[in-house]
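*Asks:* Below you'll find the structure I mean.
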């Protein structure tokens, strides 16, 4: 069982119990002190002389041969492999700047403690998206911006032992930590020099801003115009920021804490695109957003040659909102979809439907000019493509193919009926039966074949008898 200690914070959402993050803290301390246990060590040439290194960790704790910045290894690849950096007792280490950790892209655990760290850039961790544990205990930090962590998913943040000011800029720390600020024994320094628990910090005109976007929902036709209003509030007065990536032309007009976004000639390319309005100040930020719902007529963006996979497939993509009706025609005759030919939608993206006209064992009978027709209440589109599945047999085998078509149709129609069909078998083409296996397996139909030349009949008492041949 792990004992608790001061200076530990864990986001409740990231870990289930206080015991778990306390255990994690002692584990990280142990890792920092005993770096490289069981891990291959780097050569002396690769690791800076003032530190000790393994393939995944760097530890710099010697106060006599101190460092003033993060170590730089011999290659970018070596730095990308580093997941843990532990720095302690460094009197010349005072800042973490924009590019200091640029090459440590897989960094997960960072400790800078008992040093003279006074400044952390807002872009300090812009390349360290996997950073989860940050220990800045016992340094000289008087303030810290929430923007440093905006893009990160930090699970543990330790700040105890820093001379934090009782200022609005540090209010976000109190709001974020809540009761955990007392667990860390975090204190701030007032203007007169007195210290008080950060959890008791109360300041006028120091609050998280708000943003409200109106209307909250947009449902419009392509080529329509739209006006969106964003209203912000909060003290200190927030900055208002629009965020969107649109094809549609737009202009922004802002006056005080109200801003208008005017969209003109809406493009269907912007269907399901996000528009957000954010209010930011030194305490934090709040966002209000919506997804554009733009209705437009269907457009076939792809219709490709038939491809053979598990089934034959004529691939297509259709952009539309709302969802279109889909019909197929072969040689100007509407395709009747069923068990052996059907439209399958495999993927739906922001504005497109991707699918296939799927055909099960098509023959030359299915060759032809295929036309795809799509329609919704705003319009329609169509495209054609020639599909060739199998060469047409010579004239001597024409009867064979007609027979196969007959058997296939009959088996399909009489599915589950336990009826008997009598069909001719000219030239005793055994491969007719092989071609028909697919169809007889799907039915409960019994087949009788008649040899016209010898006028003999062989009863196939059960469909499985035939299919097993």
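The values are calculated or read from the model by the stated rules, or taken from the named source; none is laboratory data. Just so we're clear, the structure is a prediction, and the values are computed from it rather than from any experiment. Ideal geometry is used to build each Cβ from the backbone, glycine not excepted, and the neighbour counts take in all protein chains shown.
*Asks:* I'm trying to understand the selection: among the residues of the stretch 159-171, which are surrounded by 20 or more Cβ atoms within 10 Å (Cβ to Cβ) and outside any helix (DSSP H, G or I)?
*Replies:* Matches in the stretch 159-171: 159, 160, 161, 162, 164, 166.
*Asks:* State whether one or more residues within the stretch 95-103 are touching a residue at least 24 places away in the same chain (Cβ under 8 Å), under 30 Å from residue 200 (Cα atoms) and touching a strand residue (DSSP E or B) at 6+ places or on another chain (Cβ under 9 Å).
*Replies:* yes
*Asks:* When residue 310 is evaluated against the numbered criteria (1) at pLDDT 95 or above; (2) surrounded by fewer than 16 Cβ atoms within 10 Å (Cβ to Cβ), which criterion, by number, is the only one it fails?
*Replies:* Going through the list (1) at pLDDT 95 or above; (2) surrounded by fewer than 16 Cβ atoms within 10 Å (Cβ to Cβ), residue 310 breaks only (1).
*Asks:* Residues of the stretch 219-234 being part of a strand (DSSP E or B) and within 13 Å of residue 261 (Cβ to Cβ), which ones?
*Replies:* Answer for the stretch 219-234, where residues must be part of a strand (DSSP E or B) and within 13 Å of residue 261 (Cβ to Cβ): 226, 227, 228, 229, 230, 231.
*Asks:* If you go through the stretch 314-323 one residue at a time, do you hit one that is without any contact (Cβ under 8 Å) to a residue 40 or more places away in the chain, outside the structural domain of residue 219 (by TED's automatic domain parsing) and in a strand (DSSP E or B)?
*Replies:* yes
*Asks:* If I go through the stretch 110-130 residue by residue, how many of them are surrounded by 19 or more Cβ atoms within 10 Å (Cβ to Cβ), out of contact with any helix residue (DSSP H, G or I) (no Cβ under 9 Å at 6 or more places or on another chain) and under 14 Å from residue 148 (Cβ atoms)?
*Replies:* Total meeting the criteria: 4.
*Asks:* For the structure I just gave you, tell me whether residue 326 is touching a residue at least 40 places away in the same chain (Cβ under 8 Å), surrounded by 13 or more Cβ atoms within 10 Å (Cβ to Cβ), part of a strand (DSSP E or B) and over 28 Å from the mean Cα position of the chain (by Cα).
*Replies:* Judged against the criteria, residue 326 is a match.
The rows are residues; the columns are (1) at positive phi; (2) in contact with a strand residue (DSSP E or B) (Cβ under 8 Å, 6 or more places away or on another chain); (3) surrounded by 13 or more Cβ atoms within 10 Å (Cβ to Cβ).
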residue: 193; (1), (2), (3): yes, no, no
residue: 203; (1), (2), (3): no, no, yes
residue: 206; (1), (2), (3): no, no, yes
residue: 232; (1), (2), (3): no, yes, yes
residue: 235; (1), (2), (3): no, yes, yes
residue: 250; (1), (2), (3): no, yes, yes
residue: 269; (1), (2), (3): no, no, yes
residue: 273; (1), (2), (3): no, yes, yes
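*Asks:* Can you confirm whether residue 178 is surrounded by fewer than 14 Cβ atoms within 10 Å (Cβ to Cβ) and in contact with a helix residue (DSSP H, G or I) (Cβ under 8 Å, 6 or more places away or on another chain)?
*Replies:* Yes; evaluated as a whole, the condition is true for this residue.
*Asks:* Another question, if that's okay. For the stretch 339-365, which residues satisfy the criterion of being modelled with pLDDT of 95 or more and part of a helix (DSSP H, G or I)?
*Replies:* none
*Asks:* Also, quick follow-up: Being assigned to a loop (DSSP other than H, G, I, E, B), touching a helix residue (DSSP H, G or I) at 6+ places or on another chain (Cβ under 8 Å) and either surrounded by 14 or more Cβ atoms within 10 Å (Cβ to Cβ) or at pLDDT below 95 (or both), is that true of even one residue in the stretch 378-387?
*Replies:* Among the residues of the stretch 378-387, not one is assigned to a loop (DSSP other than H, G, I, E, B), touching a helix residue (DSSP H, G or I) at 6+ places or on another chain (Cβ under 8 Å) and either surrounded by 14 or more Cβ atoms within 10 Å (Cβ to Cβ) or at pLDDT below 95 (or both), which makes the answer no.
*Asks:* Across the stretch 330-353, what is the total count of residues that are closer than 14 Å to residue 320 by Cα and crowded, with 16+ Cβ neighbours inside 10 Å?
*Replies:* Counting residues in the stretch 330-353 that are closer than 14 Å to residue 320 by Cα and crowded, with 16+ Cβ neighbours inside 10 Å gives 3.
*Asks:* Another one. Looking only at the stretch 254-288, count every residue that is more than 27 Å from residue 205 (Cβ to Cβ) and free of Cβ contacts under 8 Å to residues at least 12 places away in the same chain and tell me the total.
*Replies:* Number of matching residues: 0.
*Asks:* So, one more: All but one of (1) at pLDDT 55 or above; (2) exposed (fewer than 15 other Cβ atoms within 10 Å of the Cβ); (3) in contact with a strand residue (DSSP E or B) (Cβ under 6 Å, 6 or more places away or on another chain) hold for residue 422; which doesn't?
*Replies:* The single condition residue 422 does not satisfy is (1).
*Asks:* Could you check the stretch 31-145 for strands (runs of 3 or more DSSP E) lying wholly inside it with 3 or more residues that are in the same structural domain as residue 169 (by TED's automatic domain parsing), at pLDDT 95 or above and closer than 30 Å to residue 198 by Cα?
*Replies:* Filter on the stretch 31-145 gives 84-88, 109-113, 133-135.
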